[in-house]
Structure formats: C-alpha cells, structure tokens
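Single-structure report; data block below.
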Amino acid sequence: MTTALHRTRDQDHGLDAALDRELIEACGAAISEGRRTELERPIRNIHRAVGTMLGSEITRRYGGAGLPDDTISLTFRGSAGQSFGAFVPRGITLRLVGDANDYLGKGLSGGIIVVRPPEESPFDAEDQIIAGNVVLYGATSGAAFIRGQVGERFCVRNSGAAAVVEGVGDHACEYMTGGTVLVLGPTGRNFAAGMSGGMAFVHDPGAVLPRRLNPEMVELEPLEEEDRRTVQELCSAHAASTGSLLAARLLTRWEETLTEIVKVMPRDYRRVLEATRRAVEAGGSVDDEIMAAAHG
C-alpha cells in the first residue's frame, strides 16, 4: 500500500513538472524576446504551483521588474491544485476558469491572477467558495480578481498586492503590511488581526463588520475622495476581468454603494501618512517627521 501511494505521488509530481515544462517551452519567444504569447490549457487539481517555474524563468532573465503586464496570457480550465500562480512575477497573467485549492497566488510578485467560474455554471458565483484557504499569502505586488468567495486567512502578510474578492472566511488581512484589498461580500471573524499597513475596503451594507473586526491595530473610517476613486477602479477592473454580476450591480448604483463601503485603516499606517503629508506641506524631511510620529 505504501509503495503504491508513493508511486501515485511520484506520478502526480511528474504531471506537475510536465505541465510547467510545456508552458516554458510554449512561452519561449516571450521569455527570450518579450514577445506576447497567449495560450489555453486544461488543468487538474494534481497540477500544483502552476506558473511558478515559468515565472522563475522570467525573473532569472529580467529580474524583479519582470515583463510588461500581460506579455504572457495563460487561461486554464478546470480545478487547480495548491499554490496556483505562486510567486508569479510581472508580465504573466493567469486566468483560471474553474476553481482553486489552497495557497492561490502565494507570494504573488507582480503578476495578475483572475479566477472565475465557467460561463455555463448555474449557480450565483458570489455565494460560492471558488478558492481555498491562505489565498495570496505573503504577496508583494501584482493583482488578483476572484469572482466568488474564498476560505480562511485571505491576504495574510500581504505587503503590496491589490485584490478583489466576493467574500472571505476568518482571519482575513491578518498581519497585512501593505497593498489594497476590496471585499465585496461577507467577512468572517477576526478580520485585520495584526494588520499594520495597507488598506482594506469592505462592502458592509448590514454593518456587521464592527462585530467581526479585530480592533487592536485598526480602525474603521469613512471613505475619503481618493478612496472613492481607488474603490471604483478596483470594482470596475473586477467586473471587466471576471464578468462579475455582483460588481456590475454595485456599479449601477455606485453612489449608494459608496455609502455601504467602509475602510479598514491601521493606526500606525495612518500616522505615517499624516506625518508624510505634514513634511511635504512644510518642505521638511519626511523621514524625520515619520520618526517623530513613531516616538509619539
């Protein structure tokens, strides 16, 4: 039994590597010359960390800057295994028509990930779980648009990515230090625990977020003018990328929608922003003003 199990695991790993090798070969012109490449492939949940090896080829050649957005555009249909799109750099767009396992977009590093259900799906996407737990863990840059809900610990330790999702489980935005998150649906408990940077926006028409928020390091604030632009841009990009009916409905009544969206702002980040503004207005040192604010 043990031997058979190990053999099955080895076979699955071989399929993982085979798909990645196929992607690298098919995207050869993009890797070597930056030529735009567009492909579509089926995917199964035995395919793990799809796009990661391809991304490493891009980073090896072009460094952290990657390639221009959407140079490599890959569409997958089916159920993706763990760590789909992990560490994907700028220049790669992964579109998944189906659903994903845990760790979607782990360490996202500039790439773009779009997840949506198949066009023929009979259910309302906004009410269904489409990706698992720990989505976008440790993401540093890039963007993700997810049409549907995800599991627990969404955007934990996100430090720079933008993300739109239609519902999250417990502990979302935990230990987040940067980036921007827009949640268009329900949230679980312990939202924003340990969140010291970045911003989160939550569509909360029922005003339930205060009961689910961890208030130790964050506060709820109304939207400022710049926030309104940011949220509208994210919601519009989400609708365009995923075909989200939820986002489309919210956009058709946008002024009312804005009154239902609340900002989750870390207190430390707010102090940094205010110190930066004071320094710029006074023509002084931004670093000195931030240090003064940090020491009270």
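The values are calculated or read from the model by the stated rules, or taken from the named source; none is laboratory data. Treat the numbers as computed from the prediction; the structure is a model and nothing was measured. Methodologically, a virtual Cβ is constructed for each residue, glycine included, from the backbone with ideal geometry; neighbour enumeration extends over all protein chains shown.
Among the residues of region 40-74, which ones are closer than 14 Å to residue 22 by Cα, within 18 Å of the chain's Cα centre (by Cα) and not in a loop (DSSP other than H, G, I, E, B)?
Passing the criteria: 52, 55, 74.
Within region 222-233, is there a residue that is part of a strand (DSSP E or B) and surrounded by fewer than 20 Cβ atoms within 10 Å (Cβ to Cβ)?
Within region 222-233, not a single residue is part of a strand (DSSP E or B) and surrounded by fewer than 20 Cβ atoms within 10 Å (Cβ to Cβ).
Scanning region 234-243 for residues that are touching a strand residue (DSSP E or B) at 6+ places or on another chain (Cβ under 8 Å) and part of a helix (DSSP H, G or I), which turns out surrounded by the fewest Cβ atoms within 10 Å (Cβ to Cβ)?
Ranking the candidates gives 237 first.
Do we find a residue being at pLDDT 95 or above, touching a Lys or Arg at 6+ places or on another chain (Cβ under 8 Å) and of a type in the set (Asp, Glu) anywhere in region 137-153?
No, region 137-153 has no match at all.
Considering every residue within region 93-101, establish whether at least one is of a type in the set (A, V, I, L, M) and more than 19 Å from the chain's Cα centre (by Cα).
So far as region 93-101 goes, no, none of its residues is of a type in the set (A, V, I, L, M) and more than 19 Å from the chain's Cα centre (by Cα).
Counting only residues that are touching a Pro at 6+ places or on another chain (Cβ under 6 Å) and over 20 Å from residue 244 (Cα atoms), which one in region 92-110 is surrounded by the fewest Cβ atoms within 10 Å (Cβ to Cβ)?
109
Which residues, taken from region 115-124, are surrounded by fewer than 20 Cβ atoms within 10 Å (Cβ to Cβ) and modelled with pLDDT of 95 or more?
118
Are there any pairs with C-beta distances below 8 angstrom linking a residue in region 244-261 that is over 15 Å from residue 148 (Cα atoms) and assigned to a helix (DSSP H, G or I) to a residue that is basic (Lys, Arg) and modelled with pLDDT of 95 or more, with the two at least 6 apart or on different chains, and if so which?
From residues that are over 15 Å from residue 148 (Cα atoms) and assigned to a helix (DSSP H, G or I), the pairs are 258/228.
If a residue has to be in contact (Cβ under 8 Å) with a residue 60 or more places away in the chain and either assigned to a loop (DSSP other than H, G, I, E, B) or over 16 Å from residue 54 (Cα atoms) (or both) to count, how many in region 92-118 make the cut?
Qualifying residue count, region 92-118: 3.
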